[in-house]
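J.: Take a look at this one; I'll ask things after.
Readers should treat all values here as calculations from the given coordinates under stated rules, not as data from a laboratory. Note that the coordinates shown come from a computational prediction; the quantities given were computed from them, not determined experimentally. Here the Cβ positions follow ideal geometry from the backbone for every residue, glycine too, while neighbour counts run over all protein chains shown.
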Amino acid sequence: MKKIFILVFLLLCSLFLVGCWDAREINTLFIVTGIAIDKSEQEGFFDVSVIGIKTSPSRGGSQSSDDKDKKIVLKTTTRSIRDAFFHLNLNYDRTLYLQHNQIVIFGEDVAKDDLHRHLEFFVRSENSRMETLMLIVEGRADEVFKMDVKQEQNSTIYLFTHIQTISRRVKHYKISVLNFIANLLTEGFHSVIPIFAVNKNDDDDMPINMTGFAVFRNNKMIAKITDLEALGFVLLKGDVKNTNRTIISYDGMVSFDFDDIKTKKEIIYKDNYPIKIKITIEITASVEELLGFEKYSIQDLNRELHNIVQQEIINVATQTFKYFQELKVDVFGIGLSIYQHHPKKWNNLRNDWDNIFASLEVEINPKVVIKDYGQIVSIYNPGGVK
Amino acid sequence: MTIAETKISGRQFMYSIICFIQASAILNAFISNITYQESWLVVIFAFIIFIPSVFMYGALINRFKDKNLIQIIIQIFGPVLGRIISVIYLIFFLSITMFNITDLTDITKTSMLPTTPYIILVMMCILITAWAVRSGLRVLTIYSKMYVFLASFIIILSIIFLFNVIEIGNLFPIFSLPLKKYVQGIHILNAIPFGELVVFLLIAPNVQMNKKQTYKYFFLGASIGAFSFFLTVLRDISVLGETFGMFVFPSLVAFRLIRITEAITRIEILFIVILIILLIFKISILYYVTVITVSQIFNLKKYKNIVLSVGFFLMTAAIVLSANSIQHTLAAQNGAPFIWVTLQIIFPFILLLISLIFNIKSPKEESK
Amino acid sequence: MFSFIRRKLKYLRNRPKGPKDEFTYSFLSNNLRDNIHNIQSIFGNSADIVIRNFTFGKDSSYEGALVFVDGLVDNIFISRSILSPLSDWKDTLESKDNLIEFIEKQILQNPEVKRLSTYDDAISDCLNGNTILFVNDCDTCLSISTKGFEKRAVTEPQSEAVVRGPREGYTENIRTNTSLIRRKIKSPSLRIENYVIGEKSKTNVALIYLEDVVNPDVLKKLRSRLKRIKVDAIFESGVLEEYIEDSSFSPFATIAYSEKPDVTAANILEGRIAIVVDGTPFVITVPMLFIESFQSAEDYYGRNLYTYLIRIVRYVAYLIAVFGPAFYISLVNYHQGLIPTTLLVTIINAREGTSFPIIIEIIIMLFAFEIMREAGIRLPRPMGQAISIVGALIMGEAAVNAGLVGAPVVIVVAITAVASFLIPNQSETIPVLRIFVLILATFAGLFGLVIGLLAILIHLASLTSFGVPYFSGFTRYNQDSIIRTQLKSMTKRPEGIAKNNIVRRGSNMKNYSIKENEAEDRVGVQI
Amino acid sequence: MIVIGVIYLLIMIMDFYPIIKHKKVKHLIINLMFIIPGLIFLFLAAKGIIVKSWITIIWEFLKSLGISY
């Protein structure tokens, strides 16, 4: 038995001599929660700004309440991301800790020329995380850090929780670095990233609002789509938990809640050359607001609303699809589904897929089921006329 | 003259086989950048092709009941030629152990301790495994059942946690790559996780099981291990999709994507720690087998005293011989299949043929 | 090489000589005077040895003497059952040689009388509480058992409080302890072997086991180890434990101890051997398994499902107690990613004020806690309780305010301390393991912790308690290890412990509720 | 690096003591057979020279013979 314990003892003393490499005292860390990248004046340089949480010695858990100095922003201008962090570490007393980073924000002009060169660091190096979310901001990205946020500790956490809540309803608002790079790797599939705008007048408490999506061809941003087309995009993409649409028709106004949108895409070939795409959109909708439509009885009201909704969906969807066809950018994964199910066919379509996509004829047939009309059964109108 | 007279039960033998394959489930980086999304298909084909050799191993164990691989070689090829072949096998076992040690240190370096120097991790691993090997086979395989439950719990739990990120579409397209890639994929799989079961030919004499049980336990162990390997690869592909081929350790990235509530994120270290325990178990078995071959070649009575010196050689060689991880995976993809498969499957098959033709049996067989 | 030889020579030079034999004379003489004289010279007329000469028989023709140790014997019993019958025996016998036999058979009314012929037996019996009767010109004497020293009454055990279940605990007297066990197991096959250990102390040690269930080679090992003990005195079963256990260098105790007869009785029924040492209320049972320390007597008396929960809580508490501080250090120093962001910020805030690195803080708190615990035990009962609670609260609060220690550290150490109370008989091993794993975790984070875990597991696997493997995973005794299956279906004794009849009797009891329903279905009676 | 090697050798002493005590020469030779190349590798590692691993050498040889993917 003696021998075993000499072995254990030596195992221990060998560790003593060795010292600890990776130990980082916790109060020497600067917790980074957001990174913003913008184009700087000098050619080929980028100014990278980093925001982190300011910690203050406090007895027990009570937080010091004044939010003015709750955030710390560090700025540098360098050629590459890794140099930026090296530079920051050099000039700041605490070492930057990237594991808790939540968001990477890109300025519009950076997104316009090349996004991929900035993402390489987040995927390759060990101490940064690849599932941080991505955002595009109109104008310069570091304005986001200037917003003073009442509720959260700093603006990036505000943004992060904001995206988390809206992405619970519509999946496509949330796109991480890894998703973006995965899309880059798939041929003929381009990604779409939500775009935000910082609210200039700082009297109301909504410092930032979402203005739609930025459309990318591989790693270059080529266009922006507004909120209206965003609904069309979401309808075509499918797999959405809940979104809404208000339609004003000749008889009155009705606003629908689309609860569960599923789209099926079917490509019609002619001697294995895709010419037409049939998109069926299954939606379970529910009426949330109903004004007017006095002259309809209960029975044919249902039919009328069905027509209105289906018509609206066809218009919006075809309009968005046409818009993307002009841009020659397939964001709906049609090429991907061909590649996945008929790899042979995809081989000869591969090189000029963008033109084929642009020349596709589209036919949308929505299947809308209006589930519930809310708690009111009849149509009432303010005049009290039955 | 079996060295270790400790007998372990058949079930523990099966559990250590399962554990052995599950431990190498994390190293699926070899086939990832050859057969990108179809690696899960390759795993199925590789196992189907591996089944006959499982029964070949079973037959070899049953023919030479209480003789391990090295003794069989010496008995068939005579002391001089037998010893030369056993030295080749010794080099083969040494390189497998070094292979796995470099993998273990790579994982710990990437996921947990990026700046600790290489030699510390290797030494800690060697010391623990040396202690386990010195205390005998029973201590080595006693926890195999616990490790198996731990590993399968991890696989199932990670699939549940990753449910919202899994895309079934990522598993397609099927059969879109040239045939050559599939053959290479199957060849590699038969060398790395499955072929390494040849190691159990040396442990088999210390296991109490009759003829029928050998086949049953060996096949059951191999199939459950292969199934969990298949599940891991399936999970990684469906989560990572196109980027499956990009990473050195795809499972590590898959674990990173787990995001349940706001608090339970970035918990990939808890999963990795358990896989590290499995890898240490695998290395301790390989280490035990290397020490047994050394003591068999020089027919020593007790193998306890050479454990640490073999460990010293392993430690320093593991550091020197392994360059960076890319060169390491390249060597595994192209070099290993040719060399190892011959030693793992083809050579034992020749042994079986010779022993059938010349009707050589282990002496105890005739006396019974 | 040379150190080896030198040690050999040193050993040869001062090898201890054989034990000094104390008694010079061996056989009794038939002259009373000489016997009394020799007894006095042996005992060196120490104060508590009483020698009472008296005469008896027809016109006091015979002469006798009683020798006993005052305090060990019951004086009233002696006078009533020895002196008075002798004094009112008036007639005489023809010949002297069968006088002793006549006295033994006819006159004395004590239950247990033995005839002795050598000084050694006489002396040892006398010291054990018997009185020795010498009669003139007879060369044998009578040893009459008249034990009557003060004994502690059977009270509730201090160390193992229990909510439901028998409350009687062992006392210091070996006979009451064996009687307590005998009352629990009334089967004739319960064997009690007596050994006398210790050159000077001559303590009685009793082995208790069930003949048809005990594991013979464990018994053989135990007997040989007990015989080999050459020591001056054995005052406590812990001392005996040290001599007979397999590996005294390992932190794990491979021999279980208990103060409650029902626990020892249950162990004996499972095929173990109980060792009762005279003079201590702690009875040790051999061989012990690692899982035993997680079972408490109450598990079998409470509700079945509740014990599932309690068992799991105990295992988790053990893990927290051993790996708690190490896991905290590896989290805070190495893998900050694991901690959620908001919690990380509060921890940093709490640690802003403190200056020591975390490992120093944890060691300070651990030692502070150990000091308080020891103080709590050493002080007299009422004060001890108050001190330890007040100490813990004030110390923790003050340390945090003074900025000596961060708040999370105090919480972590407090939880680990309380968790280690949950498993009483592992409370010696937990501090040792905790320090071992703590050191490893400070130097290599979670990897070091895993290495520590594996080291403990390997050590546990190679430990054996009297040949029975100490810990072989939870699989060996699946009926009673992690969870306790229903008592009715607990048919098998733990393997490796019991000899052959693994199956306990009464294994065909099905759940009564099922049985009754079946009865009703057959008869078709609607309730 | 060298320090670690020395520490390991320290642990090895425990292994050597029974060999010297029972004068098992064969064990001694085998142990030395493994330690000496180990020491060579240790000095190589200290200098930071990475030797091409055994598998890659054979792989290149096989590649020259044309058996490779």
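J.: Loop-only chymotrypsin sites (Phe, Trp or Tyr not before Pro) in region A:284-349, please: DSSP not H, G, I, E or B, and at most 16 other Cβ atoms within 10 Å.
T.: Passing both the DSSP loop test and the Cβ count: A:296.
J.: Still on this structure, please answer the following. In the protein assembly as shown, if the dipole is taken from +1 on Lys/Arg beta carbons and -1 on Asp/Glu beta carbons about the Cα centre, which of C:427, B:42, A:46 is farthest to the positive end?
T.: The listed residue farthest towards the positive side: B:42.
J.: First measure r as the distance between the Cβ atoms of residue D:29 and residue D:3, then evaluate 1/(1 + (r/R0)^6) with R0 = 22 Å and state the FRET efficiency to the nearest 0.05.
T.: E(calc), rounded to 0.05, equals 0.20.
J.: At a Förster radius of 41 Å, what calculated FRET efficiency corresponds to the Cβ-Cβ distance of residue A:370 and residue A:148, to the nearest 0.05?
T.: The formula returns an efficiency of 0.40 here.
J.: What number does region C:256-358 give for Rg over Rh if you use C-alpha atoms and the Kirkwood radius?
T.: That ratio equals 1.22.
J.: Above 15 Å lies some portion of the pair distances; for region A:314-360, what is it as a whole percent of all C-alpha pairs?
T.: When every Cα pair of region A:314-360 is considered, 45 percent fall beyond 15 Å.
J.: Now a separate question. Over chain A, how many percent of alpha carbon pairs lie in each 10 Å bin up to the one with the longest distance?
T.: Over chain A, the share of Cα pairs per 10 Å bin runs 4, 19, 23, 20, 16, 10, 5, 2, 1, 0, 0 percent.
J.: What nm distance separates the two modelled labels at residue C:167 and residue A:83, each placed 7 Å from Cα along Cα→Cβ?
T.: According to this spin-label approximation, the distance is 8.2 nm.
J.: With each label point set 7 Å from Cα along the Cα-Cβ vector, what nm distance links residue A:268 and residue A:289?
T.: Once both label points are built, they end up 3.9 nm from each other.
J.: Using a/c under 1.5 as the rounded threshold, could you call region B:1-137 rounded, prolate or oblate? The axes a ≥ b ≥ c are square roots of the C-alpha gyration tensor eigenvalues, and prolate needs a/b larger than b/c, oblate otherwise.
T.: Oblate.
J.: Would you calculate the separation in nanometres between label points at residue C:390 and residue D:62, each defined as 7 Å from the Cα along the Cα-to-beta-carbon direction?
T.: About 7.8 nm separates the two model spin labels.
J.: So if I place +1 on the C-beta of Lys and Arg and -1 on the C-beta of Asp and Glu, and nothing else carries charge, what would the dipole magnitude of region C:174-300 be about its Cα centre? I want it in debye, nearest 20.
T.: With Lys and Arg at +1 and Asp and Glu at -1, about 620 debye.
J.: Once you charge only the Cβ atoms, +1 for Lys and Arg and -1 for Asp and Glu, what is the size of the charge dipole of region C:304-462 about its Cα centre, to the nearest 20 debye?
T.: 340 debye
J.: Pick from A:367, A:344, A:174: which residue has the top mean-square fluctuation in a GNM of chain A where Cα pairs under 10 Å get a spring?
T.: So, out of A:367, A:344, A:174, the one fluctuating most is A:344.
J.: Now for a separate question. What does the charge count around residue A:180 come to, taking other residues whose C-beta lies under 12 Å from its C-beta (Lys +1, Arg +1, Asp -1, Glu -1)?
T.: -2
J.: Using DSSP to define loop residues, name the GluC sites (Glu not before Pro) in region C:101-159 whose beta-carbon has at most 16 other beta-carbon atoms within 10 Å.
T.: Hits after loop and neighbour filter: C:112, C:150.
J.: Would you mind computing Rg(Cα) / (2.2 N^0.38 Å) for region A:227-386, counting N as its residues?
T.: 1.25
J.: Can you compute the charge dipole magnitude of chain A about its Cα centre, using +1 on each Lys and Arg Cβ and -1 on each Asp and Glu Cβ, nothing else charged? Give it in debye, rounded to the nearest 20.
T.: It comes to approximately 1440 debye.
J.: For region D:2-65, state the semi-axes of the equivalent ellipsoid (square roots of 5 times the eigenvalues of the alpha-carbon gyration tensor), sorted largest first and rounded to whole angstrom.
T.: Working through the eigenvalues yields semi-axes of 32, 18, 7 Å.
J.: Let me ask another. Could you state the angle between the C-alpha long axis of helix B:268-297 and the longest principal axis of the C-alpha atoms of chain B, as a value from 0 to 90 degrees rounded to the nearest 10?
T.: 20 degrees
J.: Work through the residues other than residue A:28 whose Cβ is under 12 Å from its Cβ and net out their charges, Lys, Arg +1 and Asp, Glu -1.
T.: Residues near residue A:28 contribute 0 overall.
J.: Helix A:81-91: angle to the longest alpha-carbon principal axis of chain A, degrees 0 to 90, nearest 10?
T.: Tilt of helix A:81-91: around 40 degrees.
J.: How about region B:234-341: which GluC sites (Glu not before Pro) there lie in a loop by DSSP and see at most 15 other Cβ atoms within 10 Å?
T.: Sparse-neighbourhood loop GluC sites (Glu not before Pro): B:262.
J.: Report, to the nearest 10°, how far helix B:211-240 tilts away from the longest principal axis of the Cα atoms in chain B, using its own Cα long axis and a range of 0 to 90°.
T.: Relative to chain B, helix B:211-240 is tipped by roughly 20 degrees.
J.: For the protein assembly as shown, give the share of DSSP beta bridges that are antiparallel, in percent and rounded to the nearest 5; count only bridges with both residues there.
T.: 80 percent
J.: Which one of A:101, C:187, C:141 is farthest out on the positive end of the charge dipole of the protein assembly as shown, using unit charges on Cβ (Lys, Arg +1; Asp, Glu -1) and the Cα centre as origin?
T.: C:141
J.: In a GNM of chain B with a 10 Å cut-off on Cα contacts, which of B:42, B:198, B:165 has the highest mean-square fluctuation?
T.: Of B:42, B:198, B:165, the most mobile in the Gaussian network model is B:165.
J.: List the pairs from C:202/C:260; C:202/D:21; A:265/A:328; A:174/A:371 whose alpha-carbon separation is above 30 Å, in the order I gave them.
T.: C:202/D:21
J.: From Cα coordinates alone, what are the radius of gyration and Dmax values for region C:32-145 in angstrom?
T.: For region C:32-145, the Cα-based Rg and Dmax read 13.2, 39 Å.
J.: Apply the Kirkwood formula to chain B: the hydrodynamic radius equals the inverse of the mean of 1/r over all pairs of different alpha-carbon atoms; give it in Å with one decimal.
T.: Final number for the Kirkwood radius of chain B is 21.0 Å.
J.: Here is a follow-up. Find the centroid of the Cα atoms in region D:28-45 and in region B:53-126, then give the distance between the two in whole Å.
T.: Value for the Cα centre distance between the two parts: 19 Å.
J.: Report Rg(Cα)/(2.2 N^0.38 Å) for region C:304-462, keeping two decimals.
T.: Taking the Cα Rg and dividing by 2.2 N^0.38 Å, one obtains 1.10.
J.: For region A:151-171 and region A:287-308, what is the separation of their Cα centres, given in Å?
T.: 36 Å
J.: To one decimal place, what orientation-averaged projected area in nm² is obtained for the convex hull of the Cα set of the protein assembly as shown?
T.: Over all viewing directions, the protein assembly as shown projects a mean Cα-hull area of 77.1 nm².
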